[in-house]
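The values are calculated or read from the model by the stated rules, or taken from the named source; none is laboratory data. All values derive from a computational prediction rather than experimental measurement. Note: ideal-geometry Cβ built from the backbone for every residue, glycine included; neighbour counts use all protein chains shown. Each accessible area value is taken on the protein alone, full model and side chains, heavy atoms only, with ligands, DNA and RNA left out. Shrake-Rupley method; radii C 1.70, N 1.55, O 1.52, S 1.80 Å.
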Amino acid sequence: AVVFEGACRKLKEAEAFAETAAWLERPYRAIYLSIPDAEVEKRLAVRKGVEGRQDDASDAVEHRMREYEENTAKAVEYFKSQGVVIEIRADQPIEAVHADIIKALGL
């Protein structure tokens, strides 16, 4: 098994990945960690306070949210249309997210 974290965040990348996997005759799954926008904003604010990260300022958060809507959401929808998405709720404790991924992959 190979894991690509953060891969295919744009539609063209998702299409190219799917084409390559088909050409190689390799099945694949895409794990989508879904989380409400409000929780994302809350977590980034906490991270900024704890780590003092400058990239988590409100304008950077807005940019990230816009980037998701303009690009990543389209890649996710493409993978959903291919029937390869495993959607995991990410607004739960990390241990629960991990357990859900392991269960969904049958490991």
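Observations
- Boolean, R29 is closer than 17 Å to A90 by Cβ and within 15 Å of the chain's Cα centre (by Cα): yes
- Matching residues in segment 38-50 - criterion: being modelled with pLDDT under 85 and under 15 Å from the mean Cα position of the chain (by Cα): V40
- Residue in segment 29-44 that is nearest to E77 (Cα to Cα), counting only those that are in a helix (DSSP H, G or I) and open to solvent by 60 Å² or more (accessible area, probe 1.4 Å): D37
- Long-range neighbours under 7 Å by Cβ, at least six apart or interchain, first residue more than 21 Å from K42 (Cβ to Cβ) within segment 60-88, second basic (K, R) and part of a helix (DSSP H, G or I): none
- Checklist (1) exposed (fewer than 11 other Cβ atoms within 10 Å of the Cβ); (2) touching a strand residue (DSSP E or B) at 6+ places or on another chain (Cβ under 8 Å) applied to L107, failing item: (2)
- Every residue from segment 15-28 that is assigned to a loop (DSSP other than H, G, I, E, B) and loosely packed, with under 12 Cβ neighbours inside 10 Å: L24, E25, R26, P27
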